[in-house]
Amino acid sequence: MNEVPLLKVSNLSVNFYNSENIDVVSALSDISFSLAQKQCLGIIGESGSGKSVTLLSLLGLMNTAPGITSGTIEFSRDDTTINLLENLDNYPLHDIGSISSIVQRQFNRRKEQLNKNFQAIRGKQISIIFQNPKLAFNPYYSIGHQICEMIQLHTDINSEEKVKAKALSWLERVGMDDPEARFYNNPYGLSGGLCQRAMIAMALASEPSLLIADEPTTGLDTILQRNILNLLHDLQQELSLSMIIVSHDLKVIQTLCKDVLVYHSGMIIEKGTTKQVLASSENKHPYTRQLIQCELNSVCLAGDILIQNVDNGGCPYYYSCDEITSRISKTCAQSNPSLHNIDDDHAIRCWKYHDI
Amino acid sequence: MSKINIPRWNHKFMSLIENVKIIGIRNSIYLSYSSIIILVLIFGYFVSYFEYLPFDPEDLDLDYILSPPLTDGHILGTDYLGRDTFSRLILGIEAYLVPSIVAVIIAIFWGIITAVASIFTHKRVTRTLSMINDSILAMPKLVLLFLVIAIFDPNIFYIMIVIGISNIPSVAQLLTAKIDLLKERSFIDSAIASGISYHSIILKHILWSNCRVILFSQSAFIMGEAILMEASLSYLGFGVQEPTPSWGNMVQSGSNYLLQGDLWSSTIPALAIMLVLSAFYLLSYTVSRVLERRH
Ligand SMILES: Nc1ncnc2c1ncn2[C@@H]1O[C@H](COP(=O)(O)OP(=O)(O)OP(=O)(O)O)[C@@H](O)[C@H]1O
Ligand code: SF4
Ligand SMILES: [Mg+2]
């Protein structure tokens, strides 16, 4: 199967200034993955590891300098492939490390270029469900109004009645209890679960080919979580969508996704099919193993993951790793491992699997 | 924040009484009072524009000096030169209506530009704009006004431009605070992500839907302030000059005869000023109470 992947991200790096605006911190470094048509990709990883930043980058929503500093995001649609980060190199960000007006001006040009590149796919091809659906709606309009706006903007339906009928059918499809009444509800009048459903309806109303969901079930009770996930699963099958799901719930990833990425401190530390990564086999990054153990035992025997030292050049997981052997301990402390393929499609960023 | 939770009234027909119930009786009274006064004002403006006045406002009639209301067709009496107060009152609307609207437009327009720039342009523009605002704030309004009056002729339009400019910072601050709150939510990002164009986000999703309360109530407030300023300055002799009538200089000329017991020619324009001012201030207050929804 030599199909062109729908989305191919290579060497994506994103940086931010730190709080004092003097130093650059790396939010993402060297992220590469690809997503086949009609597939589902899961992203797991601890809080602050850059999952949301990855998703925002896919839509070019970097609001602060320096933002995306390198990489390509190739999106394929109807046999044409476009690089969404095209022409960004024309506006290089010099002297990263001190905020200067040159950098700021360049950043603004880059942002314009980004907006230009991304305008064609935002909404139309890629939709996103934000972490907190209540905050992602405009508080003053009814959800029906906002869904209608999406339909008018991105589909060919233009008669007002048809748009409304379509919006109602979406609300119905995502399992709103009373679509007719909810159509006029303001977002704050909805419970968390209903709001999430409305968000899904809005995201799908533009008929995208890729749906991105950032922790779609956070803050919902367990039953609702299942319902929402089942809904997403059904919709994916039904509309032959591709999906990227960020979730802390490994079971979710297991049931929904074929492939999975494990993030840690802005890097992919393990990637592979869900079977390879989440099954209890031997070959695994120590962090992933810990994650799975925590999930199974609900008692976590992890080290203190708050202590992180990325700058010393060693493995970012060094201080919490409990699988360092004497063979690799020196290397672990000194240099960051690269992603190493241990199997087809299965890659791990750990010196354990390198020959040293 | 008002406790009234207004359900959607745009999609469902509601009778007048139901509307009143939703807004609250007090707010309805305020609203109807303000709208009646403002409608009368606009009507009066057009009446004088097309010169349908009962008397010529500049016509001296020395037989009827300082006559009380309802004397021989002079509904509101006459002033110290026997000119018809009612006609002069109507013509006086011209003195401030359009200039005040100019003041409002200046304040709101630049306020919007400053606030919106804080989201979509980079820091240096924002910093420059807020510096300009701060320097406007630092300048006392009256000093600025007298400066302009001293430099230029006492032209009402210059005065209104000053009033407009001096109100920019307050509009900008209110809007910026609101927009900062909105930025905390992800809905601006969400709107960008769903491909809505920037001008639609700014105009519809930010300004119209979320900031219109501020815009309306501030407009009414600035309008009130502009009218008050015009009246005060004309009263002091710095605004509209005789023989052109303005409510301020009518009060002034009438007040010379107050002690003789000829109350009417100064109290009637003063009353008119009070009615109009209260209409605008009440409108400003009520608009924010009625339109502000819980969110
Ligand atoms: N606009 C920004 N400016 C500066 N730093 C940022 C910005 N956005 C994100 N970051 C940083 O990037 C890192 C990754 O954040 P991100 O939101 O992607 O985490 P996450 O993996 O989504 O975590 P969570 O599971 O809690 O949502 C964090 O350390 C965060 O502080
Ligand atoms: S490289 Fe070393 S420190 Fe890093 S995860 Fe592997 S064993 Fe642990
Ligand atoms: Mg996140």
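The values are calculated or read from the model by the stated rules, or taken from the named source; none is laboratory data. Being a predicted model, the structure only gives us computed values, none of them experimental. Heads up, the Cβs are rebuilt from the backbone with ideal geometry, glycines too, and the neighbour counts pull from every protein chain shown. For accessibility, only protein heavy atoms count, side chains too; no ligands or nucleic acids. Shrake-Rupley method; radii C 1.70, N 1.55, O 1.52, S 1.80 Å.
Here are a few things to note about the model shown:
- Sub-6 Å Cβ pairs linking a first residue in the range B:172-200 that is open to solvent by 40 Å² or more (accessible area, probe 1.4 Å) to a second residue that is in a helix (DSSP H, G or I) and at pLDDT below 90, at least 6 apart or interchain, are B:Arg185/A:Leu135, ordered by first then second residue.
- Subset of the range A:114-126 [farther than 13 Å from A:Asn63 by Cα and open to solvent by 10 Å² or more (accessible area, probe 1.4 Å)]: A:Lys116, A:Asn117, A:Gln119, A:Ala120, A:Lys124, A:Gln125
- If only residues of the range A:232-250 that are farther than 20 Å from A:Leu7 by Cβ and free of Cβ contacts under 8 Å to residues at least 12 places away in the same chain are counted, the one that is least open to solvent (accessible area, probe 1.4 Å) is A:Asp234.
- The range B:182-241: number of residues that are within 13 Å of chain A (Cβ to nearest Cβ) and within 22 Å of B:Ile38 (Cα to Cα): 3
- Test: A:Leu261 is touching a helix residue (DSSP H, G or I) at 6+ places or on another chain (Cβ under 8 Å), open to solvent by less than 30 Å² (accessible area, probe 1.4 Å) and either touching a residue at least 24 places away in the same chain (Cβ under 8 Å) or within 24 Å of A:Asn138 (Cβ to Cβ) (or both): no
- Spans of helices (runs of 4 or more DSSP H) in the range B:60-172 with at least 2 residues at pLDDT 85 or above and in contact with a strand residue (DSSP E or B) (Cβ under 8 Å, 6 or more places away or on another chain): B:85-120
- Condition met for A:Leu59 (within 14 Å of chain B (Cβ to nearest Cβ), modelled with pLDDT of 85 or more and more than 10 Å from ligand 1 (Cβ to nearest atom)): yes
- In the range A:39-54, the residues that are within 16 Å of A:Pro316 (Cβ to Cβ) and of a type in the set (Asp, Glu) form Cβ pairs under 9 Å with partners that are open to solvent by 30 Å² or more (accessible area, probe 1.4 Å) and more than 6 Å from ligand 1 (Cβ to nearest atom), at six or more places apart or across chains, as follows: A:Glu46/A:His248; A:Glu46/A:Leu291; A:Glu46/A:Ile305.
- The set of residues in the range A:107-160 being away from ligand 3 (no atom under 16 Å from the Cβ), of a type in the set (Phe, Trp, Tyr) and either in contact with a Phe, Trp or Tyr (Cβ under 9 Å, 6 or more places away or on another chain) or within 20 Å of A:Arg197 (Cα to Cα) (or both) consists of A:Phe107, A:Phe137, A:Tyr140, A:Tyr141.
- Entry remark, the range B:257-270: residues being at pLDDT 85 or above and among the polar types (S, T, N, Q) number 2 in total.
- Selection from the range A:119-178 of residues that are in contact (Cβ under 8 Å) with a residue 60 or more places away in the chain and part of a helix (DSSP H, G or I): A:Pro133, A:Lys134, A:Ala136, A:Arg173
- Any hit, the range B:253-269, residues being β-branched (Val, Ile, Thr), under 18 Å from B:Leu41 (Cβ atoms) and in contact with a Pro (Cβ under 7 Å, 6 or more places away or on another chain): no
- Top-ranked residue in the range A:312-340 [being aromatic (Phe, Trp, Tyr) and within 8 Å of ligand 2 (Cβ to nearest atom); ranked as most open to solvent (accessible area, probe 1.4 Å)]: A:Tyr318
- Single residue of the range B:114-129 satisfying the filter (β-branched (Val, Ile, Thr) and closer than 17 Å to B:Asn210 by Cβ) that is farthest from the other protein chains (Cβ to nearest Cβ): B:Thr114
- Of all residues in the range A:15-53 being within 14 Å of another protein chain (Cβ to nearest Cβ) and either open to solvent by less than 50 Å² (accessible area, probe 1.4 Å) or at pLDDT 90 or above (or both), the one that is farthest from A:Lys111 (Cα to Cα): A:Ser52
- Of the residues B:Asn167, B:Asn155, the single one that is in contact (Cβ under 8 Å) with a residue 24 or more places away in the chain, more than 14 Å from chain A (Cβ to nearest Cβ) and either surrounded by fewer than 16 Cβ atoms within 10 Å (Cβ to Cβ) or within 22 Å of B:Val98 (Cα to Cα) (or both) is B:Asn167.
- Enumerated helices (runs of 4 or more DSSP H) restricted to the range B:206-295, each holding at least 2 residues that are open to solvent by 40 Å² or more (accessible area, probe 1.4 Å) and in contact (Cβ under 8 Å) with a residue 12 or more places away in the chain: B:209-236, B:264-291
- Leading residue by the ranking (nearest to the chain's Cα centre (by Cα)) among those in the range A:204-213 that are within 20 Å of A:Leu194 (Cβ to Cβ) and surrounded by 23 or more Cβ atoms within 10 Å (Cβ to Cβ): A:Ala213
- Residue ID - farthest from the chain's Cα centre (by Cα), chosen from residues in the range B:26-85 that are open to solvent by 30 Å² or more (accessible area, probe 1.4 Å) and polar (S, T, N, Q): B:Thr71
- Selection within the range A:179-230 - of a type in the set (Ser, Thr, Tyr) and either at positive phi or within 16 Å of ligand 3 (Cβ to nearest atom) (or both): A:Thr217, A:Thr218
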